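Please read the structure below before turning to the comments.
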Amino acid sequence: MTRIKICGITSVEQALACVDLGADALGVNLVAASPRSVDPATASRIAAAVGSRALVVAVVANLPLEHLRALRAETGVGCLQLHGDEAAEDVAALLPHAYKAVRIGAPSDVAVAESMPGRYVLVDAKVDGLLGGSGHSLDWSLVAALARKRRLALAGGLDSANVARAIDQVKPWCVDVASGVESTPRVKDMAKVAAFVDAVRRAAH
């Protein structure tokens, strides 16, 4: 069964509604430059409210290891998604409670993703000036082989209309959606979330 991560959650109410609709994981964005950014206190409230019903992941970028360890302890999130320019040794130092997100635009980027330690890796579209959440898709054919070697989370421009094709082509361990289930940035449209979950479940059988 392909897992589902809804990223860019900004409130407890959104979080609980997404879990009720079938999300396996939720992303809270702690990158200040992101339009979906929340503060650590909000992330903590979300993690506490969700509890063991879903994995809560904090999206972070380019922070010192000590800061990252403290942030995970402070917020109570289950895992860190390293979405900046972190090196492989930084990922290794945070295992098993972290994984690297790598922006994919060419085969050389796939090699970078493959070189990252841990069982899990996330791939997203490479868009100049943006760390993620761009709504742009990557070339799925680039990462299909990687998905056979790793527990791959596929992000980048997914929505209910294309996620079945993505699953068929890549066979990822997890699909990750943000803008594809929103009415506006920060505001999740629960009808779109439900349609996305339904499309994933249908494709996974």
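Throughout, read-outs are computed from the coordinates displayed, never taken from laboratory work. It should be emphasised that the depicted structure is a prediction, and the values quoted were computed from it without experimental measurement. We place every Cβ from the backbone using ideal geometry, glycine too, and count neighbours over all the protein chains shown.
Can you tell me how segment 49-164 classifies by the Cα gyration tensor, rounded, prolate or oblate, using a/c under 1.5 as the rounded cut? Walk me through the intermediate numbers first.
Details: a/c = 1.70, a/b = 1.38, b/c = 1.23.
Prolate shape, in that a/c is at least 1.5 and a/b is the bigger ratio.
If amide hydrogens are placed 1.01 Å from N in the peptide plane, which non-local residues have theirs closer than 5 Å to the one on Asn29?
Amide H neighbours of Asn29, under 5 Å, 5+ apart: Gly8, Ile9, Val38, Val59.
Rounded to the nearest whole Å³, what is the per residue volume of the convex hull around the Cα atoms of segment 1-61?
76 Å³
Amide H to amide H under 5 Å from Val102: which residues, 5+ apart in sequence or cross-chain, H placed 1.01 Å off N in plane?
It is Leu122, Val123, Asp124, by chain and number.
Between Ala106 and Asn62, what length in nm is gained on full extension when 0.36 nm per residue of separation is reduced by their alpha carbon distance? Intermediate values should be presented prior to the final figure.
Values: separation 44, 0.36 × 44 = 15.84 nm, distance 2.24 nm.
This chain segment gains 13.6 nm when fully extended.
For segment 54-117, what ratio Rg/Rh do Cα atoms give with a Kirkwood hydrodynamic radius?
Numbers: Rg = 11.9 Å, Rh = 12.1 Å.
Value, to two decimals: 0.98.
Output ³J(HN,Hα) for segment 81-96: one whole-Hz value per residue in order, computed from phi by the Karplus curve 6.51 cos²θ - 1.76 cosθ + 1.60 with θ = phi - 60°, and x for Gly and Pro.
Per residue, the Karplus-derived 3J(HN,Hα) values read 9, 8, 10, x, 10, 5, 7, 4, 5, 5, 4, 4, 5, 9, 4, x Hz.
Under 15 Å from a label point 7 Å along Cα→Cβ of Ala41: give me every residue in segment 75-109 with its amide N that close.
75
Evaluate the Kirkwood expression for the hydrodynamic radius of segment 139-205, namely the inverse of the mean inverse distance over all pairs of different C-alpha atoms, and round to one decimal in Å.
Values: mean 1/r = 0.0823 Å⁻¹.
Mean inverse Cα-Cα distance, inverted, gives 12.2 Å.
Which distance in nm do the two modelled labels at Asp20 and Ala49 give, with both placed 7 Å along the Cα-to-Cβ direction?
1.1 nm
Please list 154-165, 47-58 highest first by mean number of surrounding beta-carbon atoms within 10 Å per residue. Show your work: numbers first, answer last.
Numbers: 154-165: 20.7, 47-58: 18.7.
Peptide ranking by packing, descending: 154-165, 47-58.
Going by average Cβ neighbours within 10 Å, how do the peptides 194-201, 180-187 rank, with the highest at the top? Write out the running numbers ahead of the final one.
Numbers: 194-201: 19.4, 180-187: 17.0.
Highest mean packing first, the order is 194-201, 180-187.
Please build a GNM for the chain, connecting alpha carbons under 10 Å apart, and tell me which residue among Ser179, Ser108, Ser34 fluctuates the most.
Looking only at Ser179, Ser108, Ser34, the largest GNM fluctuation is found for Ser108.
Strictly greater than 26 Å: what percent of every Cα pair in the chain meets that? Don't skip to the end; give the middle numbers.
Numbers: 5253 of 20910 pairs.
Of all Cα-Cα distances in the chain, 25 percent exceed 26 Å.
Can you figure out the FRET efficiency of Ala161 with Asp85, using R₀ = 30 Å and their beta-carbon distance, to the nearest 0.05?
Working: r = 32 Å, r/R0 = 1.07.
Here the calculated transfer efficiency is 0.40.
Asp168 versus Arg151, label points 7 Å from Cα toward the beta carbon: distance in nm?
2.7 nm
Read phi for every residue in segment 147-159 and hand back ³J(HN,Hα) as whole Hz from Karplus 6.51 cos²θ - 1.76 cosθ + 1.60, θ = phi - 60°, with x for Gly and Pro.
My calculation for segment 147-159 gives 5, 7, 9, 10, 7, 9, 9, 9, 10, x, x, 7, 7 Hz in order.
I'd like to know which of Gly51, Ala32, Ala98 lies farthest towards the positive end of the charge dipole of the chain, counting +1 on Cβ of Lys and Arg and -1 on Cβ of Asp and Glu.
Ranked along the dipole, the leading option is Gly51.
Have a look at the DSSP beta bridges in the chain and tell me what percent are antiparallel, nearest 5. Don't jump to the answer; show the numbers that get you there.
Numbers: 3 of 34 bridges.
Looking only at bridges with both residues in the chain, the antiparallel portion is about 10 percent.
For a quick check: sort Tyr120, Tyr99 by the number of other beta carbons within 10 angstrom, fewest at the front. Don't skip to the end; give the middle numbers.
On the way: Tyr120 20, Tyr99 24.
Starting with the residue having the fewest Cβ neighbours, the order is Tyr120, Tyr99.
Figure the gain on full extension for Ser183 and Leu95 (residue separation times 0.36 nm, minus the Cα-Cα span) and round it to one decimal in nm.
On the way: separation 88, 0.36 × 88 = 31.68 nm, distance 3.48 nm.
Extending this stretch completely gives an extra 28.2 nm.
Explain nothing, just compute: Karplus ³J(HN,Hα) = 6.51 cos²θ - 1.76 cosθ + 1.60, θ = phi - 60°, for every residue of segment 168-178 in order, whole Hz, x for Gly and Pro.
So the Karplus estimates, Gly and Pro as x, are 5, 7, 9, 6, x, 6, 8, 10, 10, 10, 10 Hz.
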